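*Asks:* Okay, here's the structure, questions in a sec.
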Amino acid sequence: MPEGDTLHRIAHVLGSALGTAPITAAEVHPRWSQVQTHDLVGRSVRKVESHGKNLLVHLEGDTVLWSHLRMTGSWHVYRPGEPWLRPVRQRSIALATDRAVAVGFNLPVLERMSTARALRHPALASLGPDLLSTDFDASTALTRFRTAPLAALGEALLDQRLACGIGNVYKSEALHLARLDPWQRVESTGDETLLALLERTRMLMRRNLDGHPRRTHHGADGDRYFVYGREGRPCRTCEVTIAMKRQGPEARSTYYCPRCQCSA
């Protein structure tokens, strides 16, 4: 599933392409019958923003288009008349202006709503502070983490209600760099440690907003990560073999060093 840095970049690309021009044409897959094209055409784009792993396209007239990529979705931008890289049958929505066409393919979530509805929508209103927001509030995030004292750190970091935008890559990488056990409970982790973990994760994410392939490691060997995807290979610090275990009710993969992180 794309993480917060990916959505942040998508929002920037879509916002730059669509600008503030009015929508001249719109196409929506019949699956999303709640999103009517006549409610979109003629409206100008006000802004495009990400909130964690969610994308919000704000249009004039108090209209918000909300999408979530999950595992299948993607957004592309084309010049008018340019061939699409994916077949039309995979199009969930297409928004055209005089200078660009933004196409959402295989979107598992797509909804049109008012701004007021977006503020109270269950899936959006419950989100914790966005790590990539310019006004990220670490103290609010800490307070939310304290509401899940029995959660393991590896699960808490993925809980979008506590802080949003973190996925499997940054979870594994940040915990490893902080030398923290992914199975350590939140209640056993001090405030300073939690705040430092959130700040480290935020730093890693912000370093990957330039559009290049995501990486946390910049060594000469070409590997982009410290532990993520490196199961069976040596830890860069102690050379013990990197391990991977499934964690939480959704069995998400967690990569870690058994020695550096003292994992159970």
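*Asks:* List the longest stretch of the chain that has no exposed loop site; here a site is one of the GluC sites (Glu not before Pro) assigned by DSSP to anything other than H, G, I, E or B, with at most 15 other Cβ within 10 Å. Could the numbers behind the result be given before it?
*Replies:* Numbers: sites that count: 60, 231, 239, 250.
With a cap of 15 other Cβ atoms within 10 Å, the longest stretch comes to 61-230.
*Asks:* Scattering from the C-alpha atoms of the chain alone, worked out with Debye: what is log10 I(q)/I(0) at q = 0.07, 0.09, 0.14 1/Å?
*Replies:* Listed by q, the Debye log ratios stand at -0.28, -0.46, -0.98.
*Asks:* I need the Kirkwood Rh of region 161-228: take the reciprocal of the average 1/r across all distinct C-alpha pairs and report it in angstrom.
*Replies:* Values: mean 1/r = 0.0775 Å⁻¹.
Across region 161-228, the inverse of the average 1/r is 12.9 Å.
*Asks:* Let me ask something additional. What Kirkwood Rh does region 191-264 have if only Cα atoms enter the pairwise 1/r average? Answer in Å.
*Replies:* Details: mean 1/r = 0.0719 Å⁻¹.
So the Kirkwood estimate lands at 13.9 Å.
*Asks:* Summing +1 for each Lys or Arg and -1 for each Asp or Glu, what net charge is found among the other residues whose Cβ lies under 9 Å from the Cβ of residue 34?
*Replies:* Working: positive: 112; negative: 111.
For residues surrounding residue 34, the net value is 0.
*Asks:* Evaluate region 39-116: find the radius of gyration of its Cα atoms, find its Kirkwood radius, and give the ratio Rg to Rh. Don't skip to the answer; put the middle values down first.
*Replies:* Numbers: Rg = 12.4 Å, Rh = 13.1 Å.
Reported Rg/Rh (Cα atoms, Kirkwood Rh): 0.95.
*Asks:* Restricting things to alpha carbons, tell me how big region 138-256 is in terms of Rg and Dmax, in Å.
*Replies:* Both quantities, over Cα of region 138-256: 14.0, 42 Å.
*Asks:* OK, next. For residue 41 and residue 85, what is the calculated FRET efficiency with R₀ set at 22 Å and r taken between the beta-carbons, to the nearest 0.05? Intermediate results must be reported in sequence, preceding the final value.
*Replies:* Values: r = 24 Å, r/R0 = 1.11.
The formula returns an efficiency of 0.35 here.
*Asks:* Here's something else I'd like to know. Looking at the chain, do any whole DSSP H helices span at least 18 angstrom along their long axis by alpha carbon and average -0.5 or above on Kyte-Doolittle, and which?
*Replies:* Numbers: long enough: 4-18 (21 Å, 0.47); 191-206 (22 Å, -0.05).
Span-like helices in the chain: 4-18, 191-206.
Each value in this text was obtained by applying a stated rule to the coordinates, not by laboratory testing. Owing to the predicted nature of the structure, the values given are computational and were not obtained by experimental measurement. All Cβ positions, even for glycine, are placed from backbone atoms using ideal geometry, and neighbour counts span all protein chains on display.
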